[in-house]
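Only one structure is covered here, and it is reproduced in the block below.
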Amino acid sequence: MLGAKELVDLRVIGDERGSLIALEQGQNIPFDIKRAYYIFGTQPDVSRGFHAHRRLEQMAICVSGSCKMIIDDGETRETVLLDSSTKALIIRNMLWREMHEFSPDCVLLVFASEHFNESDYIRSYDQFIREVKNGKA
Ligand code: T46
């Protein structure tokens, strides 16, 4: 389900001083960015997410540490390990996501295609499945 287009290797610009990655709308970020946020300081054994978005598209990069992201399209469930600041996960709309196993140093940076809008969230898995089925009808 998740192909090369969704888990992207970011180009590292490195020299003797270290590394730099540039993120540019329309280049390696495939949507117009309206918002960015980051998740950090996640407490041990905490999981987050457990929702889908009707319209929102996002790109997530674990710039420090690691976490696991479950992506579920209503038929297939896939687990992606985000453990590198050089990998970006594109999360399209209408995908259920869960985040687990945050390392203590995890900083998850997310770019979003829309402003925050609670009505875009589907926070019930049953409702998500209903909307996936309706979309395919
Ligand atoms: C997602 C995953 C990867 C805001 O006020 N503005 C924001 O931009 C965001 C993202 C959240 N909030 C508020 C809404 C809640 O009261 O912050 C609180 C925590 O949000 P939530 O429980 O949705 O956080 P996660 O970690 O479960 O999910 C977040 C994003 O909300 C979501 O879009 O895809 O990270």
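The values are calculated or read from the model by the stated rules, or taken from the named source; none is laboratory data. Worth saying up front: this structure is predicted, and the values here are computed from it rather than measured. Quick reminder, even Gly has a Cβ in these numbers, built from the backbone with ideal geometry, and neighbours come from all protein chains shown. Just so you know, the surface numbers come from the protein's heavy atoms only, side chains and all, with ligands and any DNA or RNA stripped out. Shrake-Rupley method; radii C 1.70, N 1.55, O 1.52, S 1.80 Å.
Relative to the compact globular guide of 2.2 N^0.38 Å, what is the alpha carbon radius of gyration of the stretch 5-136, as a ratio?
Dividing the Cα radius of gyration by 2.2 N^0.38 Å gives 1.08.
With every protein chain kept in the model, how would you rank F50, F116, F111 by accessible area, 1.4 Å probe, largest at the top?
Largest to smallest exposure gives the sequence F116, F50, F111.
How big is the gap, in Å, between the Cα center of the stretch 59-137 and the Cα center of the stretch 1-52?
Measuring centre to centre over Cα atoms gives 12 Å.
Ignoring everything except DSSP H segments at least 4 long, calculate the 222 nm mean residue ellipticity for the chain; use -39,500 (n - 2.57) per segment, divide by total residues, nearest 500.
That comes out to -2500 deg cm²/dmol.
Pull up the cross-link candidates among the aspartates and glutamates for K133, meaning alpha carbon to alpha carbon under 13 Å and not fewer than 8 places away within one chain.
Of all the aspartates and glutamates, those that pass the test against K133 - Cα under 13 Å, at least 8 places apart if same chain - are D73, E75.
Take R55, R92, R17, R123 and sort them by solvent-accessible surface of the protein heavy atoms, 1.4 Å probe, largest at the top.
So the residues, ranked largest to smallest area, are R17, R55, R123, R92.
Within the stretch 72-99, find all residues whose amide N lies under 19 Å from a label point positioned 7 Å from the Cα of A22 along Cα-to-beta-carbon.
Once the point is set 7 Å along Cα→Cβ of A22, 86-88 turn out to lie under 19 Å by backbone N, inside the stretch 72-99.
With a ≥ b ≥ c the root eigenvalues of the C-alpha gyration tensor of the stretch 1-59, is it rounded (a/c under 1.5), prolate (a/b larger than b/c) or oblate?
Oblate shape, in that a/c is at least 1.5 and b/c is the bigger or equal ratio.
Over the chain, with every protein chain in place, what whole percent of the accessible area is carbon and sulfur at 1.4 Å, could you tell me?
49
Using the heavy atoms of the protein chains and a 1.4 angstrom probe, tell me the accessible area per residue for the chain in square angstrom.
Normalised by residue count, the accessible surface of the chain is 59 Å².
What order do you get for 126-133, 102-109 when each peptide is scored by the mean count of other beta carbon atoms within 10 Å, highest first?
Numbers: 126-133: 14.5, 102-109: 17.6.
Ranking the peptides 126-133, 102-109 by packing returns 102-109, 126-133.
Stretch D83-D105 to full length: gain in nm at 0.36 nm per residue minus the Cα-Cα span?
6.8 nm
Tell me which lysines have Cα within less than 23 Å of K34's Cα, excluding those fewer than 8 residues away on the same chain?
Of all the lysines, those that pass the test against K34 - Cα under 23 Å, at least 8 places apart if same chain - are K5, K87.
Please give the solvent-accessible surface of E101 in Å², to the nearest 10, using a probe radius of 1.4 Å with every protein chain present.
The accessible area of E101 comes to roughly 120 Å².
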